[in-house]
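The values are calculated or read from the model by the stated rules, or taken from the named source; none is laboratory data. Because the structure is a prediction, the values reported are computed rather than measured. Here the Cβ is made from the backbone with ideal geometry for all residues, glycine too, and neighbour counts use every protein chain on show.
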């Protein structure tokens with residue numbers, strides 16, 4: 001690890017010189033290839049390498065059939081997508097189960113995360129005051145043909161019973177069920193007839209439709225049959241209305257799914273079989289991919305985190321038949337952030353109750369060098385590849401929502417806290433701790449669910465903090481045994497800091513702030529637990545709450561964005577959670593046999609494989625030669 005940090009320090013010097021010479025990093029908002037330019041020899045705009053392939057919509061020529069060979073880095077403890085959020089289950093959940101609506105994907109570009117499309121519900125309507133939501137269910141939908149459900153028709157009683165079970169046992173029920181948390185939006189669900197479901201809401205909630213579309217485990221989206229726990233054990237099997245039926249599961253080996261012949265959408269999916277093998281080691285993943293035993297290695301999220309940036313070009317050139325694509329992932333959730341513990345350390349109050357210390361952490365980050373190191377920016381640019389970079393604020397990158405703090409005129413004075421400034425950060429730490437800062441645990445997950453370079457990122461960010469006088473002490477923790485029960489649900493009641501991950505209740509940008517920053521949301525799984533008085537009493541910050549409340553009540557997208565951008569400016573000064581430095585253009589590799597790769601971005605039905613929209617072209621490598 002020390003040698004890796006030395007590499008980053010060396011990179012810092014060369015990168016800073018390059019930035020000074022060029023006048024700074026790009027501030028543009030469009031990722032060129034994702035907007036539908038040419039590819040390879042056709043010419044993606046800005047690409048002089050000839051390596052980047054066009055993101056091409058081939059739906060009109062798609063053929064049904066074939067097998068998608070895919071891998072996951074880990075596997076879930078069980079298969080019940082309602083009870084507990086498990087990152088290992090997220091993608092599998094969306095294959096088997098359906099949801100009332102789905103997030104609308106972007107077409108060859110990032111999704112705005114603000115619209116939904118029909119799913120198990122064919123239409124919906126809000127009451128005039130926004131407190132009643134009526135779904136009209138799609139007719140002709142059947143459950144998988146497995147006992148005890150046996151392919152019967154789906155109806156409103158399934159939705160209501162699913163809600164009742166979720167209300168009683170759902171992993172994130174406190175975010176949704178008002179009976180559990182008086183701040184949660186949903187009061188009740190009733191079925192006046194077999195094709196109608198009525199949800200009563202506590203108040204207008206601009207983000208609620210996205211919640212009904214998410215397939216993240218522990219959330220609202222997945223609809224299980226009313227026979228669940230009454231003849232059907234969801235921990236050991238899956239019975240849904242989704243496009244795929246679980247055919248086989250072998251622990252530590254993998255999963256096999258078969259296309260559902262009774263799926264309601266007769267156009268999709270195209271693929272007949274999906275094979276998901278468990279391969280935890282990166283070297284093995286890469287070798288199997290290059291050999292053509294895995295067809296896609298490049299989603300850069302979750303269980304298939306993609307070829308590491310430093311290996312992308314080499315892998316492409318070594319295996320010339322592979323296709324290389326470029327895009328910019330859109331997500332309000334910055335994924336990794338430093339979440340601070342408000343509990344005393346060694347009998348002394350938490351150092352992070354002081355605003356100055358949190359501000360110093362943010363200013364200690366050399367964001368340009370970090371992005372250059374972990375996104376391989378300099379090397380890609382030398383290869384003639386166009387690159388875009390963004391700094392994260394309190395949120396991740398969503399087109400037209402996220403402000404760039406490098407544009408201080410637009411962002412405001414608090415942009416300074418995203419500027420690399422070791423001298424000023426040292427002054428803040430010295431003022432907070434005249435006798436020197438105390439040591440504190442820096443907790444990080446040992447499993448590599450978040451990419452093969454995750455632990456290296458932790459080591460680098462800890463080193464940045466040490467440079468300004470802080471004293472993090474590495475403390476590796478287990479995801480299921482330590483992280484979930486002792487960090488996620490603790491709302492800041494732990495010592496030191498922890499590298500926080502997790503999935504929001506939906507992809508909606510407003511929902512991200514409700515999840516992470518809203519004190520009135522109660523015992524939500526992602527709450528940071530701060531308070532404006534720095535007492536560690538979880539009472540929240542009235543200004544943060546007020547801006548979130550305004551965004552929740554505003555149904556006009558453009559007006560909501562105004563509130564969200566004001567939140568970014570204010571939270572930049574408070575730094576209640578310090579997000580990872582930012583994001584840069586992503587590259588993924590796939591065998592040409594996978595059609596429609598990265599065409600529909602942000603489809604919430606399956607967050608990783610594209611199982612609903614990809615197709616297998618058996619005439620192309622690794623299956624054919626054309």
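Structure data summary
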| read-out | value |
| --- | --- |
| Members of segment 564-586 that are farther than 30 Å from residue 463 by Cα, in contact (Cβ under 8 Å) with a residue 24 or more places away in the chain and surrounded by fewer than 22 Cβ atoms within 10 Å (Cβ to Cβ) | 565 |
| Residue match in segment 138-153 (condition: more than 30 Å from residue 553 (Cβ to Cβ) and outside any loop (DSSP other than H, G, I, E, B)) | yes |
| One residue from 149, 159, 141 being surrounded by 17 or more Cβ atoms within 10 Å (Cβ to Cβ), out of contact with any strand residue (DSSP E or B) (no Cβ under 6 Å at 6 or more places or on another chain), closer than 16 Å to residue 119 by Cα and modelled with pLDDT of 95 or more | 141 |
| Residue in segment 442-450 that is surrounded by fewer than 21 Cβ atoms within 10 Å (Cβ to Cβ), under 20 Å from the mean Cα position of the chain (by Cα) and over 30 Å from residue 174 (Cβ atoms) present | no |
| Residues being within 29 Å of residue 370 (Cα to Cα) and either in a loop (DSSP other than H, G, I, E, B) or free of Cβ contacts under 8 Å to residues at least 60 places away in the same chain (or both) - total across segment 587-598 | 2 |
| Positions within segment 230-276 being closer than 20 Å to residue 73 by Cα, within 25 Å of the chain's Cα centre (by Cα) and either surrounded by 18 or more Cβ atoms within 10 Å (Cβ to Cβ) or free of Cβ contacts under 8 Å to residues at least 60 places away in the same chain (or both), in sequence order | 246, 255, 256, 257, 274, 275, 276 |
| Pick from segment 464-474, criterion touching a residue at least 24 places away in the same chain (Cβ under 8 Å) and in contact with a strand residue (DSSP E or B) (Cβ under 9 Å, 6 or more places away or on another chain), ranking: surrounded by the fewest Cβ atoms within 10 Å (Cβ to Cβ) | 473 |
| Matching residues, segment 493-543, being without any contact (Cβ under 8 Å) to a residue 40 or more places away in the chain, buried (at least 20 other Cβ atoms within 10 Å of the Cβ) and not in a loop (DSSP other than H, G, I, E, B) | 519, 540 |
| Number of positions in segment 457-480 that are within 17 Å of residue 500 (Cα to Cα), modelled with pLDDT of 90 or more and not in a strand (DSSP E or B) | 8 |
| Condition check for residue 624: under 30 Å from residue 256 (Cα atoms), surrounded by fewer than 22 Cβ atoms within 10 Å (Cβ to Cβ) and touching a residue at least 24 places away in the same chain (Cβ under 8 Å) | yes |
